[in-house]
Amino acid sequence: MPFKLLCLMCFGLAIQTYAQPKIASKFTSGTAYINNRKPLRPNPYIELPLGAIKAKGWLREMLLRQKSGASGHLDELYPLVMGPRNGWLGGDGDQWERGPYWIDGLLPLAYILDDKELIAMTKPWVEWAINSQQPSGYFGPLTDYPHESGIQRDNCQDWWPKMVMLKILKQYYSATHDQRVIKLMTNYFRYQWQQLPIHPLDHWTFWARYRGGDNLMIVYWLYNQTGDAFLLRLADLLHKQTFDYTQNFLHTNLLSQPGSIHCVNLAQGLKEPLIYYQHHTEQKYVDAVDKGLADIRRYNGMAHGLFGGDEALHGNNPTQGSELCTAVEMMFSLESMVGITGNVAYADQLEKIAFNALPAQVSDDFMGRQYFQQANQVMLTRHVRNFDQNHGGTDGCIGLLTGYPCCTANMHQGWPKFTQSLWYATADQGVAALVYSPSQMTAYVAGGKEVTFTEETAYPFDELIRFTLKMTKSENAARFPFHLRIPAWCQQATIFVNGTLWKTSGGNRVVAINRFWKSGDVVELRLPMQVVKNQWYENSVSVERGPLTYALKVGEESKTVQNEKDPMTYGNQYTEVRPTTPWNYGLLETATTQLAKTVQIIKKETVAVYPWNPANAPTEIRIKARRIPFWQLYNEMAGPLPYSPINGLEAEPEEDITLIPYGCTTLRISQFPVIHNDH
């Protein structure tokens with residue numbers, strides 16, 4: 001019987017037993033959503049149930065491309081790992097992180113799209129995980145097997161893959177309220193409480209020690225559901241056994257030392273101090289995360305919003321790689337941190353990664369991806385480069401399995417979880433739009449009144465965001481606060497309610513519109529976007545507008561390579577891309593106050609339903625530049641970046657070059673040398 005047909009049959013049986021819940025199923029003290037229980041610190045923002053937020057416009061197109069691409073077909077594209085032999089389906093195949101990674105993205109995708117076929121694909125994984133629980137409380141694969149090429153099946157008891165499955169089950173519960181999840185987690189966490197003193201997080205592999213924050217966040221989530229006191233003791237034990245990010249961020253050179261930490265461990269671990277802060281409200285945990293982010297930017301940061309890590313932390317040279325897993329895990333960490341703190345800077349950083357790094361690293365059809373991307377990326381060929389890890393030289397090539405297949409499995413969570421984090425419920429019984437994209441959200445406010453907001457926008461390409469409120473006929477008016485984030489890059493936002501100016505506001509804050517609302521009300525938020533430059537490695541500069549970084553539009557020639565050398569390891573084929581136009585430009589030195597006068601912004605009348613490629617780029621920036629003759633290819637990538645400012649290039653003619661949003665590029669320069677301007 002075909003595996004997908006079996007999935008659909010399982011779904012049909014399961015749907016008879018577990019009906020879909022209402023969006024809000026529990027009311028506590030007049031509040032529709034569960035905030036932290038005492039003694040945990042109340043959070044300002046509360047995650048909405050999975051399915052309450054629907055993507056619209058270009059964002060929905062991203063989700064649909066995932067469905068038609070690898071997300072919806074990975075069991076067919078990668079059967080060795082994702083087929084029926086997978087250990088998380090009861091087989092003797094891969095039983096470590098890759099299967100759960102896929103479902104951690106597929107499940108939210110399925111419920112956000114309300115897609116029965118995709119939901120059915122997730123059901124065997126969920127059902128097997130729940131039914132695998134042993135009398136001891138342990139769940140998951142039970143048997144280790146000898147080595148087999150291409151799969152990981154000899155570490156079944158490792159704590160780390162179960163952390164991913166716990167995240168899946170939390171999301172599944174959010175969508176279905178299947179009480180078996182609560183029972184499984186309670187029994188498993190009792191098992192952890194008994195076993196962790198004997199077999200700590202790093203007993204089987206070191207990964208769980210660095211990623212214990214993912215375990216910790218689910219423990220606190222379950223405590224909020226049940227109030228079981230032992231969970232708080234388990235949380236303290238997990239924190240103690242997890243790598244001490246607080247100490248290392250505050251008091252060591254971890255983030256200034258190349259090779260000190262794996263890039264994905266850093267992306268996942270970044271949130272751990274703030275997760276623990278919910279129970280232990282010492283300022284050091286907040287300070288540690290903020291200093292960590294500042295030091296990542298200072299020593300390793302790049303214009304796409306990520307950092308040099310290929311795979312170990314590797315500095316801020318824009319030809320160092322950034323792993324795709326880093327992008328989606330940094331996004332998830334920031335999404336979690338926004339809800340705990342309401343910090344605008346975290347939402348700003350989330351948008352920077354989502355609108356720049358993420359779309360640039362995945363193919364338009366969501367069938368291929370790069371393992372590493374470069375901020376200055378001028379050639380994608382099979383070649384060993386100056387990365388910490390090289391996987392047959394395929395790390396920059398676009399393919400299903402190029403580089404290392406963890407990203408093949410893990411990339412699917414990026415856009416669905418981003419969609420799930422656009423909106424939040426608020427502690428003051430309102431709603432908040434803290435991250436912006438076209439969407440629709442249904443929630444309960446003011447003690448239980450249902451509201452739906454539709455967000456119409458071409459953001460991040462355009463400045464205008466329009467929210468329209470709809471309420472039920474029986475409850476078509478209510479007083480509640482509506483929170484809006486004003487990004488730090490915005491100098492002065494304007495907010496209109498029903499066509500009348502309500503407020504102007506500077507950036508880096510959240511504004512709450514607390515008023516009596518009625519169905520049909522319209523809020524318009526305008527976030528003026530100025531062209532600015534930011535400074536990076538060797539005094540290079542990026543050109544940015546709003547949340548978008550702009551990069552040189554480079555002509556591209558793609559070539560599909562049939563891989564006869566090592567297809568099991570790196571896939572049957574991959575794509576190489578070479579430049580067809582010059583890339584070695586430096587920008588003319590321009591005073592910040594004069595920048596707006598020296599650039600030309602060109603906007604298309606409409607934003608394409610899929611905007612993320614050079615042909616569909618909704619905006620362009622024209623800017624003055626000169627070629628740098630001595631900046632040439634080295635090792636099939638951009639050579640050493642010239643230190644800025646550069647003198648002695650007066651003989652080179654001035655040219656108008658075209659920049660497009662970073663997320664629309666495959667080849668690019670996004671961190672430019674600066675040429676001294678005698679004018």
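The values are calculated or read from the model by the stated rules, or taken from the named source; none is laboratory data. Note that the structure is predicted; figures quoted are calculated from it, not measured. Glycine gets a Cβ as well: all are built from the backbone with ideal geometry, and neighbour counts include every protein chain shown. The area values use the complete protein model at the heavy-atom level, side chains included, leaving out ligands, DNA and RNA. Shrake-Rupley method; radii C 1.70, N 1.55, O 1.52, S 1.80 Å.
Tell me, which residue of segment 141-161 that is within 22 Å of M217 (Cα to Cα) and surrounded by 21 or more Cβ atoms within 10 Å (Cβ to Cβ) is farthest from the chain's Cα centre (by Cα)? Out of the qualifying residues, it is D158.
A residue that is within 29 Å of N563 (Cα to Cα), β-branched (V, I, T), at pLDDT 95 or above and under 10 Å from the mean Cα position of the chain (by Cα) can be found somewhere in segment 328-342. Could you list, in sequence order, all residues of segment 370-383 that are under 21 Å from N572 (Cβ atoms) and surrounded by fewer than 24 Cβ atoms within 10 Å (Cβ to Cβ)? Residues satisfying the conditions are T381, R382, H383. All but one of (1) part of a loop (DSSP other than H, G, I, E, B); (2) at pLDDT 95 or above hold for W58; state the number of the condition that does not hold. Result: W58 passes all but (1). In segment 29-68, of all residues being under 25 Å from Q440 (Cα atoms) and among the charged types (D, E, K, R), the one that is least open to solvent (accessible area, probe 1.4 Å) corresponds to E61.
Restricting attention to segment 86-105 and to residues that are part of a loop (DSSP other than H, G, I, E, B) and touching a residue at least 60 places away in the same chain (Cβ under 8 Å), the residue that is nearest to E127 (Cα to Cα) turns out to be Q95. Looking across segment 601-628 at every residue that is more than 26 Å from T590 (Cα to Cα) and in contact with a Cys (Cβ under 6 Å, 6 or more places away or on another chain), the one that is least open to solvent (accessible area, probe 1.4 Å) is identified as W612.
Scanning segment 69-88 for residues that are among the hydrophobic types (A, V, I, L, M, F, W, C) and either in contact with a strand residue (DSSP E or B) (Cβ under 7 Å, 6 or more places away or on another chain) or surrounded by fewer than 21 Cβ atoms within 10 Å (Cβ to Cβ) (or both) gives L77, L80. Of the listed requirements (1) more than 18 Å from I275 (Cα to Cα); (2) of a type outside the set (K, R); (3) open to solvent by less than 30 Å² (accessible area, probe 1.4 Å), N187 misses just one: (3). Would you mind finding the one in E117, E127 that is farther than 29 Å from L216 by Cβ and surrounded by fewer than 18 Cβ atoms within 10 Å (Cβ to Cβ)? That would be E117, the only listed residue that is farther than 29 Å from L216 by Cβ and surrounded by fewer than 18 Cβ atoms within 10 Å (Cβ to Cβ). Say we look at segment 385-426 and pick out the residues that are crowded, with 24+ Cβ neighbours inside 10 Å and of a type in the set (V, I, T); which of these is farthest from T569 (Cα to Cα)? Once the filter is applied, the top-ranked residue is T426. When we screen A357, A446 for residues that are out of contact with any helix residue (DSSP H, G or I) (no Cβ under 6 Å at 6 or more places or on another chain) and either in contact (Cβ under 8 Å) with a residue 24 or more places away in the chain or farther than 30 Å from S540 by Cβ (or both), the only hit is A446.
Conditions tested, residue by residue: (1) small (G, A, S); (2) in a helix (DSSP H, G or I); (3) open to solvent by less than 50 Å² (accessible area, probe 1.4 Å).
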site: A235; (1), (2), (3): yes, yes, yes
site: T246; (1), (2), (3): no, yes, yes
site: L255; (1), (2), (3): no, yes, yes
site: I275; (1), (2), (3): no, yes, yes
site: D287; (1), (2), (3): no, yes, no
site: D290; (1), (2), (3): no, yes, no
site: L293; (1), (2), (3): no, yes, yes
site: R298; (1), (2), (3): no, yes, no
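All told, Q66 meets the bar of being under 26 Å from G414 (Cβ atoms) and either in a helix (DSSP H, G or I) or in contact with a strand residue (DSSP E or B) (Cβ under 6 Å, 6 or more places away or on another chain) (or both).
Residue check: is V164 closer than 27 Å to P405 by Cβ and either modelled with pLDDT of 95 or more or surrounded by fewer than 19 Cβ atoms within 10 Å (Cβ to Cβ) (or both)? For V164, the condition - closer than 27 Å to P405 by Cβ and either modelled with pLDDT of 95 or more or surrounded by fewer than 19 Cβ atoms within 10 Å (Cβ to Cβ) (or both) - is met. Residues considered: T205, T176, T122, T143. Of these, the only one that is in contact (Cβ under 8 Å) with a residue 24 or more places away in the chain, farther than 27 Å from N265 by Cα and of a type in the set (V, I, T) is T176.
Among the residues of segment 602-615, those that are at pLDDT 95 or above and farther than 18 Å from K56 by Cα comprise I602, K603, K604, N613, P614, A615.
Scanning segment 257-271 for residues that are open to solvent by 50 Å² or more (accessible area, probe 1.4 Å) and part of a helix (DSSP H, G or I) yields a total of 0. The single condition from (1) open to solvent by 10 Å² or more (accessible area, probe 1.4 Å); (2) touching a Pro at 6+ places or on another chain (Cβ under 7 Å); (3) assigned to a strand (DSSP E or B) that G586 fails is (1).
Just give me the residues in segment 541-596 being under 26 Å from the mean Cα position of the chain (by Cα), closer than 29 Å to P642 by Cβ and of a type in the set (G, A, S), in sequence order. Correct list: S542, G546, A551.
Scanning segment 523-569 for residues that are surrounded by fewer than 21 Cβ atoms within 10 Å (Cβ to Cβ), charged (D, E, K, R) and not in a loop (DSSP other than H, G, I, E, B) gives E524, R526, K533, E538, E556, E557, K559.
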